Amino acid sequence: MSRLTISIPLAARNAISIAGAVLTTVSALLFLIVYLAELFGLHTNPYLGIVIFLMLPGVFVFGLLLIPIGIWRERRLIRAGVERKPVSWPVLNLNDPHQRKVTLAVAALTFVNVVIISLATFKGVEYMDSVAFCGQVCHEVMQPQFVSHQNGPHARVACVQCHIGPGAPWFVRSKLSGTRQLFAVAFNTHSRPIPSPVENLRPARDTCEQCHWPAKFHGDIIRTFREYGNDAEVGETLTVMRVHVGGGIESLGPARGIHWHTSASNVVEYIATDDKRQVIPWVRLTTREGAVKEWTAEGVTPEMLARGERRVMDCVDCHNRPSHTFSPTTERAVDRAIALGAIDRSLPFVRREAVRVLKQEYPSRAAARHAIDEELTKFYRGLDPQAFESRRAAVRRSADAVRQLYDHNVFPSMKVTWGTYTNNVGHTDFPGCFRCHDESHTAKDGTTISQDCEMCHTQEEVPAPAAVN
């Protein structure tokens, strides 16, 4: 049989091409249905977007490829003289009572199966989108991150909203990374603690700036820092700062303050030579007008810079622990708990004793809870046995608060303790701002990146307490 006599319709009547046509048609119809659901806002699940924009188009293209592959294969077999029997559709006669019953039963069962599979798929996707799946499936490994998330300012924000977000490309990246992590957990080869920063994290402009953005937060804010003494009176020290948050609203003039670093008016790039981004020997600023200026730390060679990680500065370079915050020191944790009233300041030496029991090492979290309660109770009973009974409730409440501080910050099995994770906001406990603002980064014209405190904040006078008549 010649090439011309083998028509495409004839060659297309084969199992492979027919299967391709079925896949293409079904996936196209499903795509249109779920696309309309997406268009009218009938779901907000980031994972469902993968089904719409990645899986279904993939099935559609696969079906399209099967059609010419089947035709090509069929033509080769016909030219080779292989006897081919065209695929014929089954004859359906609904006038036959038996066939009619079977057809209706199959249609009904198919509908039920589609509903069941659809519901199961939706619930499965919804579960994968949940904080419980991200934080509790690998309980020991993710426990520190899960606990800190639940006690942080973003507790109502699902993990995938920041770590993945909508769209297929970042989903694929995260799943490839997740597969590697799954093997690490299965074979107990994962890091302890989980390293930070997260590699290949989605840019802040795609995640953080859906709710926050530098132009929105501008001007100055007043912040009060409270610290307490280790004396019997637990004396309080107030430090009031006017923080120049700044911003980048063009109508208000050039960007100023701390948020100048991520303003649209300029681009700040840096190179970090360590995996925690704490050593930053090179910084470049490109202004809107195109002017470029570079600062380099003393003793840095081009080879060192070539081996480092180059980044465009964004929110997470300072706010690197926005959802998983741990207290850097026991002192700061206790001071905050006293300021909030969780630890009773009327108890003598409560700050000193809380810090003491939190700094001790315990073999397990259960042992820590028991020891903290026992140690504080023993101290106050021994300090003043007569006054202890009247203070028992305050001691119990304070011990509960101290135990919570331990539970929120120390995870022995994952080697997470006070100060394990660097927080780059500020410069009190970690280098933070001083990674660049250290007066040692020098440009070619001899200028340095300033360490002037008043660029970011000024100390305010604390008003004297009003007289009580």
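The values are calculated or read from the model by the stated rules, or taken from the named source; none is laboratory data. As the structure is a computational prediction, the values presented were derived from the model and not from experiment. Ideal geometry is used to build each Cβ from the backbone, glycine not excepted, and the neighbour counts take in all protein chains shown.
Among the residues of segment 411-448, those that are of a type in the set (Lys, Arg) and part of a loop (DSSP other than H, G, I, E, B) comprise Lys415, Lys444.
Please verify whether segment 148-155 includes one or more residues that are surrounded by 14 or more Cβ atoms within 10 Å (Cβ to Cβ), of a type in the set (Ser, Thr, Tyr), closer than 25 Å to Phe326 by Cα and at pLDDT 75 or above. Yes, because at least one residue in segment 148-155 is surrounded by 14 or more Cβ atoms within 10 Å (Cβ to Cβ), of a type in the set (Ser, Thr, Tyr), closer than 25 Å to Phe326 by Cα and at pLDDT 75 or above.
Mind listing whichever residues of segment 328-348 are buried (at least 18 other Cβ atoms within 10 Å of the Cβ) and under 22 Å from Thr417 (Cβ atoms)? Answer for segment 328-348, where residues must be buried (at least 18 other Cβ atoms within 10 Å of the Cβ) and under 22 Å from Thr417 (Cβ atoms): Pro328, Thr330, Glu331, Ala333, Val334, Asp335, Ala337, Ile338, Ile343. Given the structure, is Glu227 at pLDDT 85 or above, among the acidic types (Asp, Glu) and surrounded by 15 or more Cβ atoms within 10 Å (Cβ to Cβ)? Criteria met by Glu227. Considering Ser17, Ser27, the condition of being at pLDDT 75 or above, hydroxyl-bearing (Ser, Thr, Tyr) and closer than 30 Å to Ala158 by Cα is satisfied by Ser27 alone.
This table checks each residue for (1) at pLDDT 65 or above; (2) surrounded by 14 or more Cβ atoms within 10 Å (Cβ to Cβ).
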{"site": "Ile50", "(1), (2)": "no, yes"}
{"site": "Leu54", "(1), (2)": "no, yes"}
{"site": "Ile78", "(1), (2)": "yes, yes"}
{"site": "Gly81", "(1), (2)": "yes, no"}
{"site": "Asp96", "(1), (2)": "yes, no"}
{"site": "Ala105", "(1), (2)": "yes, no"}
{"site": "Val112", "(1), (2)": "yes, no"}
{"site": "Asp129", "(1), (2)": "yes, yes"}
{"site": "Phe133", "(1), (2)": "yes, yes"}
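Would you confirm whether or not segment 408-415 contains a residue that is under 39 Å from the mean Cα position of the chain (by Cα), under 18 Å from Ile338 (Cα atoms) and free of Cβ contacts under 8 Å to residues at least 60 places away in the same chain? The answer is no, given that none of the residues of segment 408-415 is under 39 Å from the mean Cα position of the chain (by Cα), under 18 Å from Ile338 (Cα atoms) and free of Cβ contacts under 8 Å to residues at least 60 places away in the same chain.
Set side by side, the residues Ala215, Ala184, Ala168 differ, and just one is small (Gly, Ala, Ser) and modelled with pLDDT of 75 or more, which is Ala184.
Would you call Ile117 in a helix (DSSP H, G or I), modelled with pLDDT under 80 and in the same structural domain as Ser27 (by TED's automatic domain parsing)? Criteria not met by Ile117.
Looking at this structure, is Gly247 assigned by TED's automatic domain parsing to the domain that holds Asn266, within 28 Å of the chain's Cα centre (by Cα) and farther than 19 Å from Arg321 by Cβ? Step through it out loud before you land on a result.
Details: assigned by TED's automatic domain parsing to the domain that holds Asn266: yes; within 28 Å of the chain's Cα centre (by Cα): yes; farther than 19 Å from Arg321 by Cβ: yes.
Judged against the criteria, Gly247 is a match.
For segment 272-292, filtering for residues that are of a type in the set (Lys, Arg) and modelled with pLDDT of 95 or more leaves 1. Pairs are defined by a Cβ separation below 7 Å, a sequence spacing of at least 6 or placement on different chains, a first member in segment 219-237 that is more than 12 Å from Ile338 (Cα to Cα) and in contact (Cβ under 8 Å) with a residue 24 or more places away in the chain, and a second member that is basic (Lys, Arg) and assigned to a strand (DSSP E or B); the pairs so defined are Asp220/Arg242; Ile222/Arg242.
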